[in-house]
Amino acid sequence: MTQPTEPQKMTFADKMRVWFRWYLNPIAGFFNRLGIRPNTVTLIGLTGTIGCAVLIAFGKMTWAGILLLIMGPVDAMDGALARLRNEASDWGAFVDAVTDRYSELFLFLGFMIYYLLQANVTGVILSYLAAAGSVLVSYIKARADASKLNANVGLLTRVERYIVLIPGLVFNLPLYVLIIIAVLANFTALQRIMRVRRDAYRQLSQSQE
């Protein structure tokens, strides 16, 4: 007989949403009274992140960090607003996930442009590796969820990447930011691959019992 699927633990991002519910819910209520819809908030967040990427490309690291700090709560606001309006849907989750990927890729494009203009090959390579690791972390999770496998592990998920990015930009340490993310995001991707592999073999062995 097949045993029940191993329960998934709350991620750090899930815990952050719970911890800051006292902060997010009143703002979501204010947006709701203004008639702002969840997907509009998602697009506002994407626009703000593109602004951060432009600042990074022009070397305005501190201002980029401050803007990213301001836009950070917007990333969680769309979900809180959707729940408040009873409009949570698969489409809304899809839009949120896609814009999250675009947001990160725009940020790392900003780093890449900055280092291209500086003729800094190391910076360009680190920008690429950081972007690749960040996207892979999210892709592996999405692919695992589609296959009903557990990939809910990892040292540097999206929230942690922003925790690294924001102070690193504010204190104008972009290269250190990229080193940390390039290494730890790809390490996290490997963690998730191994977790999915273990879960797949566990399910296979259970199905053969």
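What follows draws every value from the coordinates through simple rules; no lab data is involved. These numbers were taken from a predicted model, which means no experiment stands behind them. Positions of Cβ are generated from backbone atoms using ideal geometry, with glycine treated the same way; all protein chains shown enter the neighbour counts.
Quote the charge dipole size of region 12-207 about the Cα centre in Debye, to the nearest 20; the model charges only the Cβ of Lys and Arg (+1) and of Asp and Glu (-1). The partial results should precede the final answer.
Details: 19 positive and 11 negative charges, 92 e Å.
Once rounded to the nearest 20, the dipole reads 440 debye.
Can you pull the one-decimal nm distance between simple spin-label points at ILE125 and ILE70, each 7 Å off the Cα toward Cβ?
Taking the simple label geometry, ILE125 and ILE70 are separated by 3.7 nm.
On a full-extension model of 0.36 nm per residue, what is the gain between LEU117 and ARG197, subtracting their alpha-carbon distance, rounded to one decimal in nm?
On the way: separation 80, 0.36 × 80 = 28.80 nm, distance 4.13 nm.
Stretched out fully, the LEU117 to ARG197 stretch lengthens by 24.7 nm.
Run the numbers for PHE187 and GLN208: contour at 0.36 nm per residue of separation, minus the present Cα-Cα distance, in nm.
Values: separation 21, 0.36 × 21 = 7.56 nm, distance 3.20 nm.
Here the answer is 4.4 nm.
May I ask you to compute the full-extension gain from ALA142 to LEU175, defined as 0.36 nm times their residue separation minus their alpha-carbon distance, rounded to one decimal in nm?
Full extension from ALA142 to LEU175 adds 9.0 nm.
Show me, for region 35-44, the HN-Hα J-couplings you get by feeding each phi into the Karplus relation (A = 6.51, B = -1.76, C = 1.60, θ = phi - 60°), rounded to Hz, glycine and proline as x.
x, 7, 8, x, 5, 5, 4, 4, 5, 4
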